[in-house]
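What follows is a single structure, written as structure tokens, with notes after it.
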Amino acid sequence: MNVTRTHPFSDMFVMLGRSMRHIFRSMDTIITVAVMPIAMMLLFVYVFGGAMQVGNGRYVDYLLPGILLIAIANGVGYTAYRLFLDKQRGIFERFRSMPVARSAGLWGHVLSSLVSNAITVVVIVLVALLMGFRSSAGALGWLAVAGILILFTLALTWLAAIAGLSAKSMDGAIAFSYPLVFLPFISSAFVPTETMPSVVRAFAQYQPVTSIVNSVRALLSGNPVGSELWIALAWCLGIMIVAYLFAVRAYQKNT
Amino acid sequence: MKQMIQIQGLQKSFKNLNVLKGVDLAVEKGSIFALLGSNGAGKTTLIRILATLLPSDSGSASVAGSDVSVDPDRVRRAISLTGQFTAVDDVLTGRENLVLIAKLRHLPQPQRIADELLERFNLTEAANRRAGTYSGGMRRRLDIAMSLIGNPEVIFLDEPTTGLDPEGRIEVWNTIKALANSGTTVFLTTQHLEEAEQLADHIAILHEGKIIANGTLDALKRLFPPAKDEYVLKQPTLEEIFLSIVGGKE
């Protein structure tokens, strides 16, 4: 009773178990997070795909990276939602008045975001394989893709944490993810940027989604990635670090 | 008699708002202490300071022998807080809520602890239902049950019956009485005079940031002019009528 010690890791895994239960118990989460991007992929491949000019190769190969990013952007919206609920319902407060590692509450949500988005990504890739997606990437290439997607998920999850922890209303907590879901449309995710008018093209070429999509696409098709990979990594790491600092501040202040 | 909570000259203000203006209190071990006050009197602020959630500006407060600002970790080990709003996880079942807290407190056999508390709080039948489907009284009982995990020496209850129907309130009152019988110190806040009268050994009144009265119910009654005999026909209260119609248990 007198030993003052915290157990940050075991506390974090208890919290992870808790939010994974939340995810698996809400059908709507599973549907929006996995089924929406899949529906979008079907629509773009089988309806618009025939008219798309993306060079040689199958359109599904071209499209998949962008769909994965949209799925992740969509998925982290739920992290913001769950963080907001925990803050508003006094759950964080309850944990704080207990001898529980302070960081565990936040990291539990971040880890569950990683796990659930990883599941979504795997499911979407499997569906894409059924639709004819093929990759010539080796194990190392896939590993690199996984690494980029993990960094991207972490970056967006910390952004979501800022929104969830500082929002005053539920709508505010979720609204932040709308522009994130929209961003891939103005990038190289669906069509090459070359056909866009100059102003749009300038935006599309320099926003983070394009470099991330191009890197993932190059890795999956076994092409050389080049400097775009470093730009993609810089974006992900930069957003992640800045968002992390703000999220932790919001957590200290608001819970 | 050991003092479980000691507060001296405690002050707290938010920007220009002076919420606590020098509060002194002492709570004996194993008693039920009620802090009475109207909305905005500073009850929640005081409870949050005692539960290590909020730093005070000046003065000192110690709980279970440890100063809340010097050794908050040790205080957290000795206390449990049930906030004004029921902090249960609606998505988890009643049992899962209890197991979660037992695991976070690193206790052996979390399932057994959960079973015992479910039994004690009459929630066994609802154990495997999501807490979101519980009635207000059941949620509050689960909330208090979660607070008891790890046998804290002091339990803080911030307006435990606010928002409950009369039956739910009586359920919670019985729970609190049973707690004090088991030796736990209970510190509760309330706006309802009747609640303090029903439950508390000691009552303090917090008004505009200061304790303006403090003592046993009998002592407080003596502050008023001596009782006179008056004959008034006793009408049943609406609460009594309600409870007798719906078959409530008093």
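The values are calculated or read from the model by the stated rules, or taken from the named source; none is laboratory data. Model, not experiment: these values are computed from the prediction. Note: ideal-geometry Cβ built from the backbone for every residue, glycine included; neighbour counts use all protein chains shown. All accessible areas refer to the heavy atoms of the entire protein, side chains included, with ligands and DNA or RNA removed. Shrake-Rupley method; radii C 1.70, N 1.55, O 1.52, S 1.80 Å.
Answer yes or no as to whether A:Ser103 is touching a residue at least 24 places away in the same chain (Cβ under 8 Å), open to solvent by 30 Å² or more (accessible area, probe 1.4 Å) and more than 11 Å from chain B (Cβ to nearest Cβ). Before you say what the answer is, go through the steps one by one.
On the way: touching a residue at least 24 places away in the same chain (Cβ under 8 Å): yes; open to solvent by 30 Å² or more (accessible area, probe 1.4 Å): yes; more than 11 Å from chain B (Cβ to nearest Cβ): yes.
Against the criterion (touching a residue at least 24 places away in the same chain (Cβ under 8 Å), open to solvent by 30 Å² or more (accessible area, probe 1.4 Å) and more than 11 Å from chain B (Cβ to nearest Cβ)), A:Ser103 qualifies.
Evaluate segment B:14-21: report whether one residue or more is more than 14 Å from chain A (Cβ to nearest Cβ) and assigned to a loop (DSSP other than H, G, I, E, B).
Yes; the residues of segment B:14-21 include at least one that is more than 14 Å from chain A (Cβ to nearest Cβ) and assigned to a loop (DSSP other than H, G, I, E, B).
Conditions tested, residue by residue: (1) open to solvent by 30 Å² or more (accessible area, probe 1.4 Å); (2) touching an Asp or Glu at 6+ places or on another chain (Cβ under 8 Å).
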| residue | (1), (2) |
| --- | --- |
| B:Val23 | no, no |
| B:Ala34 | no, yes |
| B:Asn39 | yes, no |
| B:Thr45 | no, no |
| B:Leu53 | no, yes |
| B:Gly59 | yes, no |
| B:Gly65 | yes, no |
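Whether any residue in segment B:47-65 is free of Cβ contacts under 8 Å to residues at least 24 places away in the same chain, facing another protein chain (nearest Cβ under 8 Å) and within 18 Å of B:Met4 (Cβ to Cβ) is what I want to check.
no
So that you can scan it fast, the table gives a plain yes or no per residue for (1) of a type in the set (A, V, I, L, M); (2) at pLDDT below 85:
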position: B:Arg139; (1), (2): no, no
position: B:Gly150; (1), (2): no, no
position: B:Glu153; (1), (2): no, no
position: B:Thr162; (1), (2): no, yes
position: B:Asp165; (1), (2): no, yes
position: B:Gly168; (1), (2): no, yes
position: B:Ile176; (1), (2): yes, no
position: B:Ala180; (1), (2): yes, yes
position: B:Gly183; (1), (2): no, yes
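Within the bounds of segment A:1-20, is there any residue that is open to solvent by 20 Å² or more (accessible area, probe 1.4 Å), of a type in the set (Lys, Arg) and either under 25 Å from the mean Cα position of the chain (by Cα) or more than 9 Å from chain B (Cβ to nearest Cβ) (or both)? If you could, list the steps in order and put the result at the bottom.
Taking segment A:1-20 as the starting set, the residues that turn out to be open to solvent by 20 Å² or more (accessible area, probe 1.4 Å) are A:1-10, A:12-14, A:16-17, A:20.
With the extra rule that they be of a type in the set (Lys, Arg), the set shrinks to A:5.
So of that shortlist, the ones also either under 25 Å from the mean Cα position of the chain (by Cα) or more than 9 Å from chain B (Cβ to nearest Cβ) (or both) come out as none.
No.
Regarding segment A:75-95, can at least one residue be identified that is open to solvent by 50 Å² or more (accessible area, probe 1.4 Å) and among the small types (Gly, Ala, Ser)?
no
Go through the residues of segment B:214-226 one by one and say whether even a single one is touching a residue at least 60 places away in the same chain (Cβ under 8 Å), touching a Lys or Arg at 6+ places or on another chain (Cβ under 9 Å), open to solvent by less than 20 Å² (accessible area, probe 1.4 Å) and outside any loop (DSSP other than H, G, I, E, B). Full working, then the answer.
Step one: list which residues in segment B:214-226 are touching a residue at least 60 places away in the same chain (Cβ under 8 Å), which gives B:214.
Among the residues that remain, those that are also touching a Lys or Arg at 6+ places or on another chain (Cβ under 9 Å) are: none.
Within segment B:214-226 (the criterion being touching a residue at least 60 places away in the same chain (Cβ under 8 Å), touching a Lys or Arg at 6+ places or on another chain (Cβ under 9 Å), open to solvent by less than 20 Å² (accessible area, probe 1.4 Å) and outside any loop (DSSP other than H, G, I, E, B)), the answer is no, since none of the residues qualifies.
Exactly one condition in (1) at positive phi; (2) within 14 Å of another protein chain (Cβ to nearest Cβ) is false for B:Gly183; which is it?
(2)
What tally of residues in segment A:31-54 results from selecting those that are open to solvent by less than 60 Å² (accessible area, probe 1.4 Å) and either within 14 Å of chain B (Cβ to nearest Cβ) or out of contact with any Lys or Arg (no Cβ under 9 Å at 6 or more places or on another chain) (or both)?
At the first step, the residues of segment A:31-54 found to be open to solvent by less than 60 Å² (accessible area, probe 1.4 Å) are A:32-34, A:37-41, A:44-45, A:49, A:52, A:54.
Those left that are additionally either within 14 Å of chain B (Cβ to nearest Cβ) or out of contact with any Lys or Arg (no Cβ under 9 Å at 6 or more places or on another chain) (or both): A:32-34, A:37-41, A:44, A:52, A:54.
Qualifying residue count for the region: 11.
Please enumerate the residues belonging to segment B:101-121 that are of a type outside the set (Asp, Glu) and without any contact (Cβ under 8 Å) to a residue 24 or more places away in the chain.
B:Lys103, B:Leu104, B:His106, B:Pro108, B:Gln109, B:Pro110, B:Gln111, B:Arg112, B:Ala114
Could you list all residues from segment B:86-103 that are aliphatic (A, V, I, L, M), more than 9 Å from chain A (Cβ to nearest Cβ) and open to solvent by 10 Å² or more (accessible area, probe 1.4 Å)? Even if it seems obvious, please write down each step before you answer.
Step one: of segment B:86-103, the residues aliphatic (A, V, I, L, M) are B:87-88, B:91-92, B:98-102.
Still in the running and more than 9 Å from chain A (Cβ to nearest Cβ): B:98-99, B:102.
Passing the criteria: only B:Val99.
Got a sec? Which of A:Val213, A:Val181, A:Val225 is modelled with pLDDT under 90, surrounded by 15 or more Cβ atoms within 10 Å (Cβ to Cβ) and within 16 Å of A:Thr153 (Cα to Cα)?
Numbers: A:Val213 fails: modelled with pLDDT under 90; A:Val225 fails: within 16 Å of A:Thr153 (Cα to Cα).
Result of the check over A:Val213, A:Val181, A:Val225: A:Val181.
Residues are listed down the side, and each one gets a yes or a no for (1) at negative phi; (2) open to solvent by 30 Å² or more (accessible area, probe 1.4 Å); (3) modelled with pLDDT of 90 or more:
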{"residue": "A:Leu165", "(1), (2), (3)": "yes, no, yes"}
{"residue": "A:Met170", "(1), (2), (3)": "yes, yes, no"}
{"residue": "A:Ala175", "(1), (2), (3)": "yes, yes, no"}
{"residue": "A:Ser187", "(1), (2), (3)": "yes, no, yes"}
{"residue": "A:Glu194", "(1), (2), (3)": "yes, yes, no"}
{"residue": "A:Arg201", "(1), (2), (3)": "yes, yes, yes"}
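Taking into account only those residues within segment B:104-129 that are open to solvent by less than 50 Å² (accessible area, probe 1.4 Å) and at the interface with chain A (Cβ under 10 Å from one of its Cβ atoms), which is nearest to A:Lys87 (Cα to Cα)?
Among those residues, the one meeting the criterion is B:Leu104.
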